[in-house]
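Structure first, commentary second.
The values are calculated or read from the model by the stated rules, or taken from the named source; none is laboratory data. The model shown is predicted, which means the values in this text are computed figures rather than measured ones. Here Cβ is always computed from backbone atoms with ideal geometry, including for glycine, and neighbour counts include all displayed protein chains. Side chains included, ligands, DNA and RNA excluded: accessible areas come from the protein's heavy atoms. Shrake-Rupley method; radii C 1.70, N 1.55, O 1.52, S 1.80 Å.
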Amino acid sequence: MSRVKLDLQIILQAASEIADTEGLDEVTLASLSKKLGIRSPSLYNHVDGLPGLRHQLAMHGMKRLNDVMTHAAVGRAQDDAVHAIAKAYITFAREHPGLYDALVRTPNWQHEETQKIAVQPVELLVRVLGAYGLEGDAAIHTVRGLHSLLHGFASLEQTGNFNIPIDPDYSLQLLIDFFLKGIRSYGESK
(Lines give C-alpha, C1' and ligand atoms only; values in the text may rest on other atoms or scores of the structure.)
Protein backbone atom coordinates (compact mmCIF):
# COMPACT_ATOMS: atom_id res chain seq x y z
CA MET A 1 0.00 0.00 0.00
CA SER A 2 1.26 3.45 -0.84
CA ARG A 3 1.86 5.97 1.92
CA VAL A 4 -1.01 8.37 2.38
CA LYS A 5 -0.57 11.51 4.45
CA LEU A 6 -3.35 10.99 6.93
CA ASP A 7 -5.02 13.44 9.29
CA LEU A 8 -8.39 13.60 11.02
CA GLN A 9 -9.94 15.86 8.33
CA ILE A 10 -9.01 13.42 5.54
CA ILE A 11 -10.44 10.56 7.59
CA LEU A 12 -13.67 12.44 8.31
CA GLN A 13 -14.10 13.47 4.67
CA ALA A 14 -13.74 9.87 3.53
CA ALA A 15 -16.06 8.62 6.29
CA SER A 16 -18.62 11.29 5.30
CA GLU A 17 -18.50 10.12 1.68
CA ILE A 18 -19.10 6.50 2.72
CA ALA A 19 -21.94 7.52 5.04
CA ASP A 20 -23.60 9.70 2.40
CA THR A 21 -23.38 7.16 -0.42
CA GLU A 22 -23.71 3.83 1.39
CA GLY A 23 -25.24 4.70 4.78
CA LEU A 24 -23.84 5.28 8.26
CA ASP A 25 -23.80 1.59 9.12
CA GLU A 26 -21.33 1.02 6.29
CA VAL A 27 -18.78 3.32 7.93
CA THR A 28 -16.40 0.82 9.48
CA LEU A 29 -12.68 0.86 10.05
CA ALA A 30 -12.34 -1.73 7.28
CA SER A 31 -14.40 0.22 4.72
CA LEU A 32 -12.63 3.44 5.63
CA SER A 33 -9.15 1.96 5.41
CA LYS A 34 -10.05 0.42 2.04
CA LYS A 35 -11.31 3.77 0.74
CA LEU A 36 -8.17 5.53 1.96
CA GLY A 37 -5.84 2.80 0.72
CA ILE A 38 -4.31 2.23 4.15
CA ARG A 39 -4.19 -0.49 6.77
CA SER A 40 -6.86 -0.26 9.50
CA PRO A 41 -4.32 0.08 12.36
CA SER A 42 -3.21 3.42 10.87
CA LEU A 43 -6.62 4.85 11.78
CA TYR A 44 -5.96 4.27 15.48
CA ASN A 45 -3.42 7.11 15.40
CA HIS A 46 -6.36 9.47 14.73
CA VAL A 47 -9.52 7.90 16.17
CA ASP A 48 -10.30 5.69 19.13
CA GLY A 49 -11.68 2.71 17.23
CA LEU A 50 -15.11 2.63 15.61
CA PRO A 51 -16.87 4.40 18.53
CA GLY A 52 -14.28 7.20 18.35
CA LEU A 53 -14.68 7.43 14.57
CA ARG A 54 -18.47 7.63 14.85
CA HIS A 55 -18.18 10.30 17.56
CA GLN A 56 -15.77 12.37 15.47
CA LEU A 57 -18.04 11.96 12.44
CA ALA A 58 -21.00 13.20 14.49
CA MET A 59 -18.99 16.24 15.65
CA HIS A 60 -17.95 16.91 12.06
CA GLY A 61 -21.59 16.76 10.97
CA MET A 62 -22.72 19.06 13.78
CA LYS A 63 -20.07 21.63 12.88
CA ARG A 64 -20.95 21.52 9.19
CA LEU A 65 -24.69 21.83 9.84
CA ASN A 66 -24.08 24.72 12.21
CA ASP A 67 -21.93 26.43 9.56
CA VAL A 68 -24.62 26.17 6.87
CA MET A 69 -27.33 27.40 9.26
CA THR A 70 -25.17 30.34 10.38
CA HIS A 71 -24.30 31.22 6.79
CA ALA A 72 -27.98 31.10 5.84
CA ALA A 73 -28.89 33.55 8.62
CA VAL A 74 -26.26 36.16 7.78
CA GLY A 75 -27.87 39.43 6.67
CA ARG A 76 -31.39 38.18 7.35
CA ALA A 77 -33.88 38.80 10.13
CA GLN A 78 -37.14 37.41 11.45
CA ASP A 79 -39.21 35.40 8.93
CA ASP A 80 -36.55 35.61 6.23
CA ALA A 81 -33.89 34.30 8.62
CA VAL A 82 -36.07 31.46 9.94
CA HIS A 83 -37.01 30.35 6.41
CA ALA A 84 -33.36 30.50 5.29
CA ILE A 85 -32.19 28.48 8.29
CA ALA A 86 -34.94 25.89 7.75
CA LYS A 87 -34.08 25.54 4.07
CA ALA A 88 -30.36 25.23 4.88
CA TYR A 89 -31.08 22.54 7.49
CA ILE A 90 -33.24 20.46 5.15
CA THR A 91 -30.84 20.91 2.23
CA PHE A 92 -27.97 19.70 4.43
CA ALA A 93 -29.96 16.61 5.44
CA ARG A 94 -30.79 15.92 1.77
CA GLU A 95 -27.24 16.39 0.50
CA HIS A 96 -25.56 14.57 3.40
CA PRO A 97 -27.97 11.85 4.56
CA GLY A 98 -25.30 9.70 6.18
CA LEU A 99 -23.58 12.59 7.89
CA TYR A 100 -26.96 13.85 9.12
CA ASP A 101 -27.68 10.36 10.44
CA ALA A 102 -24.34 10.41 12.27
CA LEU A 103 -24.99 13.72 13.97
CA VAL A 104 -28.40 12.48 15.11
CA ARG A 105 -27.51 8.92 16.16
CA THR A 106 -23.94 8.77 17.33
CA PRO A 107 -22.75 11.76 19.36
CA ASN A 108 -21.66 11.19 22.93
CA TRP A 109 -23.88 13.75 24.64
CA GLN A 110 -21.85 13.50 27.86
CA HIS A 111 -18.69 14.61 26.05
CA GLU A 112 -17.66 18.23 26.67
CA GLU A 113 -16.88 18.82 22.98
CA THR A 114 -20.36 17.63 22.00
CA GLN A 115 -21.97 20.03 24.45
CA LYS A 116 -19.91 22.98 23.18
CA ILE A 117 -20.79 22.28 19.56
CA ALA A 118 -24.45 21.45 20.24
CA VAL A 119 -25.07 24.79 21.96
CA GLN A 120 -24.00 26.82 18.90
CA PRO A 121 -27.15 26.31 16.77
CA VAL A 122 -29.28 26.88 19.88
CA GLU A 123 -27.54 30.22 20.44
CA LEU A 124 -28.02 31.12 16.76
CA LEU A 125 -31.74 30.37 16.90
CA VAL A 126 -32.19 32.19 20.22
CA ARG A 127 -30.61 35.30 18.60
CA VAL A 128 -32.85 35.01 15.53
CA LEU A 129 -35.97 34.41 17.63
CA GLY A 130 -35.08 37.35 19.87
CA ALA A 131 -36.45 39.57 17.08
CA TYR A 132 -39.89 38.15 17.97
CA GLY A 133 -39.51 39.19 21.60
CA LEU A 134 -38.76 35.64 22.76
CA GLU A 135 -36.34 35.37 25.65
CA GLY A 136 -35.36 32.93 28.37
CA ASP A 137 -37.44 29.78 28.66
CA ALA A 138 -39.85 30.91 25.93
CA ALA A 139 -36.95 31.15 23.47
CA ILE A 140 -35.66 27.68 24.41
CA HIS A 141 -39.13 26.14 24.06
CA THR A 142 -39.43 27.76 20.63
CA VAL A 143 -35.98 26.57 19.55
CA ARG A 144 -36.92 23.04 20.61
CA GLY A 145 -40.12 23.31 18.59
CA LEU A 146 -38.32 24.51 15.47
CA HIS A 147 -35.65 21.83 15.83
CA SER A 148 -38.36 19.18 16.23
CA LEU A 149 -40.11 20.44 13.10
CA LEU A 150 -36.94 20.41 11.03
CA HIS A 151 -35.64 17.09 12.29
CA GLY A 152 -39.06 15.49 11.85
CA PHE A 153 -39.35 16.83 8.31
CA ALA A 154 -35.82 15.68 7.40
CA SER A 155 -36.33 12.24 8.96
CA LEU A 156 -39.69 11.65 7.29
CA GLU A 157 -38.31 12.75 3.94
CA GLN A 158 -35.23 10.52 4.26
CA THR A 159 -37.31 7.46 5.06
CA GLY A 160 -39.52 7.96 2.00
CA ASN A 161 -42.63 9.13 3.82
CA PHE A 162 -43.14 12.04 1.42
CA ASN A 163 -43.82 9.89 -1.64
CA ILE A 164 -46.88 11.86 -2.79
CA PRO A 165 -45.90 13.86 -5.90
CA ILE A 166 -46.35 17.28 -4.25
CA ASP A 167 -43.40 19.66 -3.84
CA PRO A 168 -41.84 19.04 -0.39
CA ASP A 169 -40.12 22.44 -0.49
CA TYR A 170 -43.51 24.11 -0.62
CA SER A 171 -44.66 21.89 2.26
CA LEU A 172 -41.63 23.07 4.25
CA GLN A 173 -42.40 26.70 3.43
CA LEU A 174 -45.99 26.29 4.63
CA LEU A 175 -44.88 24.48 7.77
CA ILE A 176 -42.46 27.29 8.67
CA ASP A 177 -45.15 29.89 7.91
CA PHE A 178 -47.51 28.10 10.34
CA PHE A 179 -44.75 27.94 12.93
CA LEU A 180 -44.01 31.66 12.57
CA LYS A 181 -47.70 32.50 12.87
CA GLY A 182 -47.70 30.53 16.12
CA ILE A 183 -44.67 32.47 17.38
CA ARG A 184 -46.40 35.78 16.70
CA SER A 185 -49.58 34.53 18.36
CA TYR A 186 -47.61 33.38 21.39
CA GLY A 187 -45.89 36.76 21.65
CA GLU A 188 -49.22 38.57 21.55
CA SER A 189 -50.65 36.40 24.35
CA LYS A 190 -47.83 37.20 26.79
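Just a few scattered comments:
- Of residues in region 35-50 being closer than 21 Å to His96 by Cβ and free of Cβ contacts under 8 Å to residues at least 24 places away in the same chain, the one nearest to the chain's Cα centre (by Cα): Leu50
- The set of residues in region 82-101 being touching a His at 6+ places or on another chain (Cβ under 8 Å) and crowded, with 22+ Cβ neighbours inside 10 Å consists of Leu99 alone.
- Selected residue (criterion: surrounded by the most Cβ atoms within 10 Å (Cβ to Cβ)) from residues of region 1-13 that are over 18 Å from the mean Cα position of the chain (by Cα) and either without any contact (Cβ under 8 Å) to a residue 12 or more places away in the chain or closer than 27 Å to Gln158 by Cβ (or both): Ile11
- Scanning region 53-110 for residues that are closer than 18 Å to Leu174 by Cβ and β-branched (Val, Ile, Thr) yields Val82, Ile85, Ile90, Thr91.
- Of the residues Ala81, Ala72, the single one that is free of Cβ contacts under 8 Å to residues at least 40 places away in the same chain, in contact with a helix residue (DSSP H, G or I) (Cβ under 8 Å, 6 or more places away or on another chain) and within 25 Å of Phe178 (Cβ to Cβ) is Ala72.
- Restricting region 40-92 to residues that are at pLDDT 95 or above and aromatic (Phe, Trp, Tyr), the residue that is nearest to His151 (Cα to Cα) is Tyr89.
- Within region 27-81, if we keep just the residues that are assigned to a helix (DSSP H, G or I) and basic (Lys, Arg), the residue that is surrounded by the most Cβ atoms within 10 Å (Cβ to Cβ) turns out to be Arg54.
- Qualifying positions in region 102-147 - in contact (Cβ under 8 Å) with a residue 60 or more places away in the chain and open to solvent by less than 50 Å² (accessible area, probe 1.4 Å): Ala102, Thr106, Leu146
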